[in-house]
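Nothing in this text is a laboratory measurement; each read-out follows from the coordinates by a stated rule. None of these values were measured; they are calculated from a predicted model. Neighbour counts run over all protein chains shown; Cβ positions are idealised from the backbone, glycine included.
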Amino acid sequence: MSTLEFSRHEGVATLVMSRPAVKNAYNAEMGAALLDALEEIRRDPQVRAVVLTGAGEDFCAGGDVGGMSRMAFTAAELRARMEVANRAVIALAALPCPVIAAVEGVAMGAGFSLALAADFIVASERARFCMAFARIGAVPDMGATYMLPRLVGLQKARELIYSAREIDAAQALEIGILLEVVGNGEVQARAQELARSMTALSPAAFAMTKRLLDHSLNNDWSSQLADEASAQAIAMTCDYFKEATARFMRKEPFLYRWPRPARSERT
C-alpha cells in the first residue's frame, strides 16, 4: 500500500501522506516516496504550486516510533535513514514554487518539522502542534532547529522544544507559525484556493524571491542588495513582466490576485 498519494490538477500538485491508521506517522517508505514525488515535481514546469497534507483526520503524528521500536538500528544505520529524511525536507523547502501545508488534527515531531518546511501553514481549528522529541529522548530533526527559531524567535523555540508541550491552532497563529486558521473541515479547500491563486504568479520572479528570502537571514546587507538587483534584472526581462505591466497601463485586472482572507481572518 502506498504511503504517499500524489496528484496534479490545473498546476497544483497535492501530496497526501497516507498512513491514516497511525495518524500518517512518517517512516522510511514515506520518506523515499516523498523524495521521488518532489523530484518529479521539480522537473515538471506545469506544477506551479504544491499542497502537502495528510489523509484522514490528521496531518502527521511524527516519526513511526512503534515501527522503530520493533527494529534494532546501529548509529550508522540511523544516520543513513536520517539522510533520506533530510534530502526529502530539503527538496520540499527548495521547490521553486509555493508550498502550502494543510494541517488537520495533529502535526507532531517530524510532522511538525515537515509543515515548517512549507512556505505557509494553514490549519483547522482542531489542529494541534508539538515538538514531541523530548518525550522519547530524541533530538529535533528534519530541520526543526533551523526553521522554528526563524518563525518564533530563539527563546520561544527553546520553550516549545524543551517543554514538548502541545499548542493549539490559535496559539500557533498567535506566535507566527500559521498563516491562517480556518473552520474544521475547511483546511483542504482553503489550501487549494491559495495554491490555485499562486499558480498565476511569475514562476521566475517567485523562484528568485523565495531564494532571496531564504538567504536573507544569513546574508549581509550589501550582498542582499546585490542579489536583489541581479534577480530583478532577470525578472524584468521576462514575458510575464511585460504582459503584467502592459495590463497595468491598460487599467486591466492584474494577472495575479491573492484570494480574500479566510473567514477566521475576516472576523
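Structure values in brief
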quantity: Order of 112, 241, 206, 129 - criterion: other Cβ atoms within 10 Å of each residue's Cβ, fewest first; calculated: 241, 206, 129, 112
quantity: Candidates 55, 189, 127: whichever shows maximal mean-square fluctuation once the chain is modelled as a Gaussian network with Cα springs under 10 Å; calculated: 189
quantity: Residue-wise HN-Hα coupling along segment 101-112, computed from phi with Karplus coefficients 6.51, -1.76, 1.60 (Hz; x: Gly, Pro); calculated: 8, 9, 10, 10, x, 8, 10, 10, x, 4, x, 4
quantity: Mean Kyte hydropathy of -0.5 or more with a Cα span along the axis of at least 24 Å, helices from DSSP in the chain; calculated: 75-94
quantity: Test item: Cα-centred dipole of segment 203-266, Lys/Arg +1 and Asp/Glu -1 on Cβ, debye; calculated: 560 debye
quantity: Exposure proxy ranking, count of Cβ atoms within 10 Å, fewest first, for 26, 256, 162; calculated: 162, 256, 26
quantity: Top of 230, 124, 113 by mean-square fluctuation, Gaussian network on the chain, Cα under 10 Å; calculated: 230
quantity: Cβ-based charge dipole, the chain, positive-most Cα from 234, 12, 80; calculated: 234
quantity: Förster-model FRET efficiency, 22 Å R0, residue 212 and residue 246, C-beta, rounded to 0.05; calculated: 0.30
quantity: Full-stretch length increase - residue 223, residue 236 - with 0.36 nm per residue and alpha-carbon distance subtracted; calculated: 2.7 nm
quantity: Residue exposure sequence - 151, 114, 173 - by fewest surrounding Cβ within 10 Å; calculated: 151, 173, 114
quantity: Computed magnitude of the charge dipole of the chain (debye, nearest 20; Cβ of K, R +1, Cβ of D, E -1); calculated: 320 debye
quantity: Prolate/oblate/rounded call for the chain, Cα gyration tensor, a/c under 1.5 rounded; calculated: prolate
quantity: Cα gyration tensor shape of segment 123-261, rounded if a/c is under 1.5, else prolate or oblate by comparing a/b with b/c; calculated: oblate
quantity: FRET efficiency, residue 125 to residue 5 (Cβ-Cβ, R0 30 Å, nearest 0.05); calculated: 0.75
quantity: Candidates 247, 48, 158, ranked by Gaussian network fluctuation over the chain, Cα under 10 Å, top entry; calculated: 247
quantity: Mean separation of Cα contacts under 8 Å, 6 or more apart, over the residue count of segment 193-260: relative contact order %; calculated: 52 percent
